[in-house]
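As structure tokens, the structure follows; a few thoughts come after it.
The values are calculated or read from the model by the stated rules, or taken from the named source; none is laboratory data. Quantities reported herein were computed from a predicted structural model and do not represent experimental measurements. Counting neighbours? That spans all protein chains shown, and the Cβs are built from the backbone with ideal geometry, glycine included. Remember, those area values only see protein heavy atoms, side chains included, never the ligands or the DNA or RNA. Shrake-Rupley method; radii C 1.70, N 1.55, O 1.52, S 1.80 Å.
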Amino acid sequence: MEILLEIKAAKKGDKQAFNNVITAYERKLYIIARSRLNNNEDIKDAIQETIMYAYINIKKLRDATKFNSWVTTILLNTCKKIYNQKEIKILSYDESEENNLHFKEDYDIENLEENQSFFDIIDFLKPEDRTIISMYYLDEYTTKEISKILKINESTLRSRISSIKEKIRQRYGKEE
Amino acid sequence: MIDIDRILEDKINKVDMSNLKININEIIKNAEKKKNKMYRMQIVSIIVGLILFIVILIQALF
């Protein structure tokens, strides 16, 4: 509720309110950008560009409750632009081993629980699957919102989430 | 069956953001400059458009 008031104030040009809103969303922006890009500088650029675009265009946002979807869409478009511009090698399942900078070979269940970070676990997935699963585990998104942002049918999205979870289970659940 | 939901929910809350050092105030400052530049460009194009319109109008009249 408080964040909604801040967004409304930011729409009226309150810089401090905008700063507070972005501070509240910073973590989410980082996780989504990281799901698409694997270079820290590119992630930083994507977030900075998104913040700048959001600041300039926030008055055009009609409904303050849609800020979450709006800023996420901007971020995903920016990530796509950066990816296309620099032709970054995004970690994916079928890329060569040398590009898999964070790819960990020893993926047993104990390792999964203790040593691996969220992105160590999901980096073997395709970029869009990584984004889906990151948004799914970030509490702030409903499946309806994710489906709208990623332009995927909601039931298709649900089955994709199940299939992604299954892929992770298959990869890490070997020891059982 | 491993509890993927529990593990990933737990892990996502521990995502390390220490690499991300952004100065929001600095970005806002740069955005303001960009915004002002855009406004100036818009004003310049409106003025140029008006001048062209007047020139064409005068040519048409005389």
So A:Thr23, is it at pLDDT 90 or above and surrounded by fewer than 17 Cβ atoms within 10 Å (Cβ to Cβ): yes
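Take the residues in the range B:13-48 that are in a loop (DSSP other than H, G, I, E, B) and open to solvent by 70 Å² or more (accessible area, probe 1.4 Å), then tell me which one is modelled with the highest pLDDT.
Of the residues in the range B:13-48, the ones in a loop (DSSP other than H, G, I, E, B) are B:13-23.
If we keep only those that are open to solvent by 70 Å² or more (accessible area, probe 1.4 Å) too, we end up with B:13-14, B:16, B:19, B:21, B:23.
Details: B:Asn13: 88, B:Lys14: 87, B:Asp16: 84, B:Asn19: 76, B:Lys21: 83, B:Asn23: 91.
Here the residue is B:Asn23.
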Qualifying residue in the range A:37-44 (condition: over 21 Å from A:Phe118 (Cβ atoms) and out of contact with any Phe, Trp or Tyr (no Cβ under 8 Å at 6 or more places or on another chain)): no
Residue list for the range B:17-44, filter: at the interface with chain A (Cβ under 7 Å from one of its Cβ atoms) and of a type outside the set (Lys, Arg): B:Met17, B:Asn19, B:Leu20, B:Ile22, B:Ile24, B:Asn25, B:Ile27, B:Ile28, B:Asn30, B:Ala31
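Could you please let me know if A:Thr50 is surrounded by fewer than 16 Cβ atoms within 10 Å (Cβ to Cβ) and closer than 18 Å to B:Ile22 by Cβ? Let's see the steps before the verdict.
Working: surrounded by fewer than 16 Cβ atoms within 10 Å (Cβ to Cβ): no; closer than 18 Å to B:Ile22 by Cβ: yes.
So A:Thr50 does not fit the description; no.
Checking the conditions here, which among B:Ile56, B:Ile51 is assigned to a helix (DSSP H, G or I), away from chain A (no Cβ under 11 Å) and open to solvent by 100 Å² or more (accessible area, probe 1.4 Å)? Talk me through it step by step, then tell me what you get.
Numbers: B:Ile51 fails: open to solvent by 100 Å² or more (accessible area, probe 1.4 Å).
Of B:Ile56, B:Ile51, the one residue that is assigned to a helix (DSSP H, G or I), away from chain A (no Cβ under 11 Å) and open to solvent by 100 Å² or more (accessible area, probe 1.4 Å) is B:Ile56.
Being under 11 Å from the mean Cα position of the chain (by Cα) and over 23 Å from B:Asp16 (Cβ atoms): is that true of A:Thr65 here?
So A:Thr65 fails the test.
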Breaking point among (1) more than 30 Å from A:Ser162 (Cα to Cα); (2) within 14 Å of chain A (Cβ to nearest Cβ), for B:Asp5: (1)
